[in-house]
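Readers should treat all values here as calculations from the given coordinates under stated rules, not as data from a laboratory. In this text the structure is predicted, and so the values were computed from the model without any measurement. Because the Cβ atoms are built from the backbone with ideal geometry, glycine has one as well, and the counts that use them run over all protein chains shown.
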Amino acid sequence: MKRRAFIQNGSALATGLMLAPLVPAQAGAGSADAVVQVRGASPYEITRRAVTELGGMKRFVSRGDLVMVKPNIGWNRTVEQGACTHPEVVRAVVEMALAAGARKVVVMDNTCHKAEDCYQRSGIAAAARQAGAEVRFSDESRLAVHDFRGEVLGRWPVFRDHLEADKFINVPVLKHHGSSGLTMAMKNLYGILGGNRGKLHRDMGENIADLAAGFRSHLVVVDAWRVLVRNGPVGGRLSDVEERRTVIASANIMHADVAAAALFGRDARQVESLQAASARRMGEIDIAKVPLRRLDA
């Protein structure tokens, strides 16, 4: 069902596809729960390889779709500092979505630092435009209340741009986070929200799980090229960044985060948001049970 149709009927945004539980399936490129992890020499090439090995972008994007690509552009930081999604990962995702037949691809985030500075310094605005995307800033006049119908998170303002998209591609960067432990795909959804997001830091793990359960990411592509291992989410010191040269892709947001946590060196069972997601039966929390393929490009 199209997101625009959800908006027109007013209440269905919190039902159907948006809230469907993710049930573990057999491994394989076509599995809804499969994860592909690719390591290589180019962030652009391993992104393309990961999506291709997952079944290709046409598995997720249909001809004529309006596609939202949501990186982490939250901070006025350079590529080398690892606080924002790598621009080459974004470029690859945009190009593949357009090649799959998308009529438009929009790249957007609700930043913490000044938006113009974040978009420019991260390199994401330039890379997205080069790939053919529309680069859009969050506009508070376009907020609409969305009911996540979570155990903790209920009605909250969301930018209409995300609700109006036919397909939503979640493109976070893997990094340390001082409050949530790690920030990955589920936490990246804070960037679709307006309002006082600081209120969600109370019961943060529960709120993150409700956010991910109540808003569907059709495809997740986790940038783990440069990983901020300390002093996240803002960072700043290059000594806090380690190169992992990896991209993770999945249609299951929890499994993508479980794999990302393992790559970081963290047991997912020790991450509060993943504990909460497991309690909501969004997927497997044990990395040994996640249908994960690790590849070298």
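For segment 198-297, what does the alpha-carbon gyration tensor say about shape, rounded, prolate or oblate, given a ≥ b ≥ c as the root eigenvalues, a/c under 1.5 as rounded, and a/b over b/c as prolate? It is oblate, given that a/c is not under 1.5 and a/b is not larger than b/c. Projecting the Cα atoms of ALA34, HIS146, ALA277 onto the dipole axis of segment 31-296, where Lys and Arg carry +1 and Asp and Glu carry -1 at the beta carbon, places ALA34 farthest toward the positive end. Taking other residues whose beta carbon is less than 11 angstrom from the beta carbon of GLU242, and scoring Lys, Arg as +1 and Asp, Glu as -1, yields +3. Positive end of the dipole of segment 31-296 (Cβ unit charges, origin at the Cα centre): among ILE287, VAL94, ASN231, the Cα lying farthest that way belongs to VAL94.
Can you compute the charge dipole magnitude of segment 216-297 about its Cα centre, using +1 on each Lys and Arg Cβ and -1 on each Asp and Glu Cβ, nothing else charged? Give it in debye, rounded to the nearest 20. Walk me through the numbers before you get to the answer.
Values: 13 positive and 10 negative charges, 27 e Å.
The dipole of segment 216-297 has a size of about 120 debye.
For segment 71-147 and segment 242-297, compute the distance between their C-alpha centroids and round to whole Å. Here the two parts' Cα centres lie 23 Å apart. For the chain, the equivalent ellipsoid derived from the alpha-carbon gyration tensor has semi-axes of 23, 22, 21 Å in decreasing order.
Multiplying the sequence separation of ASP117 and ASP286 by 0.36 nm and subtracting their Cα-Cα distance, what value in nm do you get?
56.9 nm
Helical runs (DSSP H, four residues minimum) scored at -39500 (n - 2.57) apiece and divided by the length of the chain put the mean residue ellipticity at 222 nm at -8000 deg cm²/dmol. When the listed pairs LYS70/LYS167; LYS70/LYS187; LYS114/LYS175; LYS58/LYS187; LYS187/LYS289; LYS58/LYS167 are checked against a 18 Å cut-off, the alpha-carbon distance exceeds it for LYS114/LYS175; LYS58/LYS187; LYS187/LYS289.
When LYS289, LYS104 are ordered from fewest to most other Cβ atoms inside 10 Å of their Cβ, what list results?
Working: LYS289 13, LYS104 16.
By the 10 Å Cβ count, ascending, the order reads LYS289, LYS104.
Treating each Cα of segment 139-246 as an identical point scatterer and ignoring solvent, apply the Debye formula and state log10 I(q)/I(0) at q = 0.11, 0.14, 0.19, 0.24 Å⁻¹. Calculated log10 I(q)/I(0) at the listed q: -0.37, -0.60, -1.01, -1.32.
Would you mind estimating how fast segment 243-283 diffuses translationally, via Stokes-Einstein at 10 °C and 1.306 mPa s with the Kirkwood radius over Cα pairs, in µm²/s? Walk me through the numbers on the way to the answer.
Numbers: Rh = 10.6 Å.
Approximately 150 µm²/s, per Stokes-Einstein.
Using only alpha carbons, segment 86-178 has a radius of gyration to Kirkwood radius ratio (Rg to Rh) of 0.99.
Legend: ranking of residues SER179, SER273 from fewest to most surrounding C-beta atoms inside 10 Å; resulting order SER179, SER273. Sorting ARG49, ARG39, ARG155, ARG91 from the fewest to the most surrounding beta carbons within 10 angstrom yields ARG155, ARG39, ARG49, ARG91. Remark: the chain carries a charge dipole of roughly 380 debye about the Cα centre, counting +1 on each Lys and Arg Cβ and -1 on each Asp and Glu Cβ.
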